[in-house]
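Asker: Mind looking over this structure? Questions follow.
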Amino acid sequence: MPMTHASNHPIHWVVIANRTAAAGRVKRRWKHVQRALDAHLTSYELRFTERPQHATQLAAEYVKNGQQ
């Protein structure tokens, strides 16, 4: 399920993350990553991968729908 953090900023980012990457280090460090995203991106949608090749599928869907 996408989580959206939005403002009136004209640029909207899509962040695709795999919480199980790097032998679970991403999941353990996610609070730090989330703080960095919130500090540097004023408008973004966060999607977590759910299976192998899911990041590729999500990215292709966003490009197809005109989001880059």
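Asker: Compute the signed sum of charges (Lys and Arg +1, Asp and Glu -1) over the other residues within less than 13 Å, Cβ to Cβ, of Val14. Show your work: numbers first, answer last.
Answerer: Working: positive: Arg47, Lys64; negative: Glu45, Glu61.
So the environment of Val14 carries a net charge of 0.
Asker: What residues from the range 14-52 fall in the zone where the backbone N is under 17 Å from a label point 7 Å along the Cα-to-C-beta line of Glu61?
Answerer: 14-19, 45-52
Every number in this text was worked out from the coordinates using simple rules, so none of it is lab data. Only a predicted model underlies this, so the values are computations on that prediction, with no experimental measurement involved. Here Cβ is always computed from backbone atoms with ideal geometry, including for glycine, and neighbour counts include all displayed protein chains.
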